[in-house]
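Peer 1: After the structure tokens below, expect a handful of questions from me.
The values are calculated or read from the model by the stated rules, or taken from the named source; none is laboratory data. Values in this document were obtained by computation on a predicted structure and should not be read as measured data. Please note: Cβ atoms are built from the backbone with ideal geometry, for glycine as well, and neighbour counts cover all protein chains shown. Surface areas here come from the heavy atoms of the whole protein model, side chains and all, with no ligands, DNA or RNA. Shrake-Rupley method; radii C 1.70, N 1.55, O 1.52, S 1.80 Å.
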Amino acid sequence: MPFIASDGAIGINYCPMTESESRMQELNTAGDAARAGGEVLVKYFRTGVVADHKGDSETYNLVSIADVEAEQAIVEVIRRKFPDHAVLGEESHHDDVQSEHLWVVDPLDGTNNFVHGIPHYAVSIAYYHRGKPKCGVIFNPSRGDWYEATADGGAFHNGQQVRVCDSGTLDEVIVSVGFYYDRGEMMEATLAAVRDLFYAQIHGIRRFGTAALDLAQVGCGLFGAFFEYQLSPWDFAAGVLFVEEAGGRVTTCLGEPVPLQKSDLLVSNGKLHEQLQGIVGPHLPDSMP
Ligand code: IPD
Ligand code: CA
Ligand code: CA
């Protein structure tokens, strides 16, 4: 509001944004950025892409021009709105994760599906303030599936609020799993944990190949749980908020808080968490590749 001071000068009352107003700005920006990234992905998904291997040791870890271009499009949107915010993006943005304002971006989660023409992939974008997730969007542009969450504001799938499933026993649920690219100790450990889950009488195991969407499905109550022995922060930054806002629980496989760095991950509807930890925890390999 403009006002006239005693010396006749005209001033303007500075009215700081409320927390919910700034959250809305961040969520809108995450949404705009996810749409921009999604557009790039759909363009390449239609025409097909040639994928490259990421480094010698990870022969199965693919990257394509779509990953790189989508990340550029996403970061452009974020920087236009918040030029001084930091970005941790899988492909080419590695700002300090301790930054007060941090955007964590996986421009294409599920690259392997993408290059094989399987329409199960997503853009994942999260905004963290002082190390805490404040909002996140996961978007599968081929299917038009939109998942978003804000801290203390709930989790929504295509506009409908969602909750984790209510099952209290493992013999009522499907569990989803991810395999890191390693074809050694970590793969063997994951298979051993899967075997023990089957013996615990779960309904089934699913491996869909897009961690962000796996987390979204736990939040939507389709899977009772998800675990993977190694993920990167961009794989789970938006998904962990989504699961927690849907009433679920997120820890490492040993039940510790999940750091914003390479980590193993166990997410569940909460009620099943300790039983699952007792199965997947003991198989966790000591070393990470
Ligand atoms: C991968 C997917 C996959 C998971 C891998 C991730 P990318 O991400 O989320 O489901 O099992 O560990 O690296 O490489 O497709 O972005
Ligand atoms: Ca990923
Ligand atoms: Ca990726």
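Peer 1: If Asp166 satisfies every condition in (1) in contact (Cβ under 8 Å) with a residue 40 or more places away in the chain; (2) farther than 20 Å from Ala216 by Cα; (3) acidic (Asp, Glu) but one, which is the exception?
Peer 2: So Asp166 meets the others, but not (2).
Peer 1: Between a residue in region 88-99 that is in a loop (DSSP other than H, G, I, E, B) and any residue that is at pLDDT below 95, which pairs come within a Cβ distance under 6 Å, given they are 6 or more apart or on different chains?
Peer 2: Within 6 Å, the pairs are Glu91/Asp67; Glu91/Val68.
Peer 1: Out of the residues in region 64-87 meeting the condition of being hydrophobic (A, V, I, L, M, F, W, C) and touching a Leu at 6+ places or on another chain (Cβ under 6 Å), tell me which one is farthest from Leu27 (Cα to Cα). So that I can check it myself, show each step before the final result.
Peer 2: So in region 64-87, the residues hydrophobic (A, V, I, L, M, F, W, C) come out as 65-66, 68, 70, 73-75, 77-78, 82, 86-87.
Next cut, touching a Leu at 6+ places or on another chain (Cβ under 6 Å) only: 66, 70, 86.
Values: Ala66: 24, Ala70: 19, Ala86: 16 Å.
The qualifying residue farthest from Leu27 (Cα to Cα) is Ala66.
Peer 1: Next question. Output yes when any residue across region 208-219 is closer than 28 Å to Gly89 by Cβ, of a type in the set (S, T, N, Q), within 11 Å of ligand 2 (Cβ to nearest atom) and surrounded by 20 or more Cβ atoms within 10 Å (Cβ to Cβ), and no when none is.
Peer 2: Restricting attention to region 208-219, the residues satisfying the condition of being closer than 28 Å to Gly89 by Cβ are 208-219.
So of that shortlist, the ones also of a type in the set (S, T, N, Q) come out as 210, 217.
Subsequent filtering for residues that are within 11 Å of ligand 2 (Cβ to nearest atom) retains 210.
Now restrict to residues that are surrounded by 20 or more Cβ atoms within 10 Å (Cβ to Cβ): 210.
Yes, region 208-219 contains at least one residue that is closer than 28 Å to Gly89 by Cβ, of a type in the set (S, T, N, Q), within 11 Å of ligand 2 (Cβ to nearest atom) and surrounded by 20 or more Cβ atoms within 10 Å (Cβ to Cβ).
Residues checked against (1) in a strand (DSSP E or B); (2) within 20 Å of Asn28 (Cβ to Cβ); (3) away from ligand 2 (no atom under 13 Å from the Cβ):
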residue: Trp103; (1), (2), (3): yes, yes, yes
residue: Leu108; (1), (2), (3): yes, no, no
residue: Phe114; (1), (2), (3): no, no, no
residue: Val123; (1), (2), (3): yes, yes, no
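Peer 1: Next question. Would you pick out the residues in region 276-289 that are in contact (Cβ under 8 Å) with a residue 40 or more places away in the chain and either basic (Lys, Arg) or surrounded by fewer than 17 Cβ atoms within 10 Å (Cβ to Cβ) (or both)?
Peer 2: Ser287, Met288, Pro289
Peer 1: In addition: Looking at region 244-260, can you tell me whether even one residue there is within 16 Å of ligand 2 (Cβ to nearest atom), open to solvent by 10 Å² or more (accessible area, probe 1.4 Å) and of a type outside the set (S, T, N, Q)?
Peer 2: Among the residues of region 244-260, at least one is within 16 Å of ligand 2 (Cβ to nearest atom), open to solvent by 10 Å² or more (accessible area, probe 1.4 Å) and of a type outside the set (S, T, N, Q), which makes the answer yes.
Peer 1: Can you find, within region 63-89, the residue that is farthest from ligand 3 (Cβ to nearest atom) among those that are open to solvent by less than 40 Å² (accessible area, probe 1.4 Å) and among the charged types (D, E, K, R)?
Peer 2: We begin by selecting, within region 63-89, every residue open to solvent by less than 40 Å² (accessible area, probe 1.4 Å); these are 63-64, 66-67, 70-71, 73-75, 77-78, 82, 85-89.
Checking which are among the charged types (D, E, K, R) leaves us with 67, 71.
Details: Asp67: 6, Glu71: 9 Å.
Among them, the one singled out is Glu71.
Every residue, every condition in (1) hydrophobic (A, V, I, L, M, F, W, C); (2) free of Cβ contacts under 8 Å to residues at least 60 places away in the same chain; (3) open to solvent by 10 Å² or more (accessible area, probe 1.4 Å), yes or no:
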position: Gln161; (1), (2), (3): no, yes, yes
position: Ser176; (1), (2), (3): no, yes, no
position: Tyr180; (1), (2), (3): no, no, yes
position: Arg195; (1), (2), (3): no, yes, yes
position: Ala225; (1), (2), (3): yes, yes, no
position: Ser232; (1), (2), (3): no, no, yes
position: Ala237; (1), (2), (3): yes, no, no
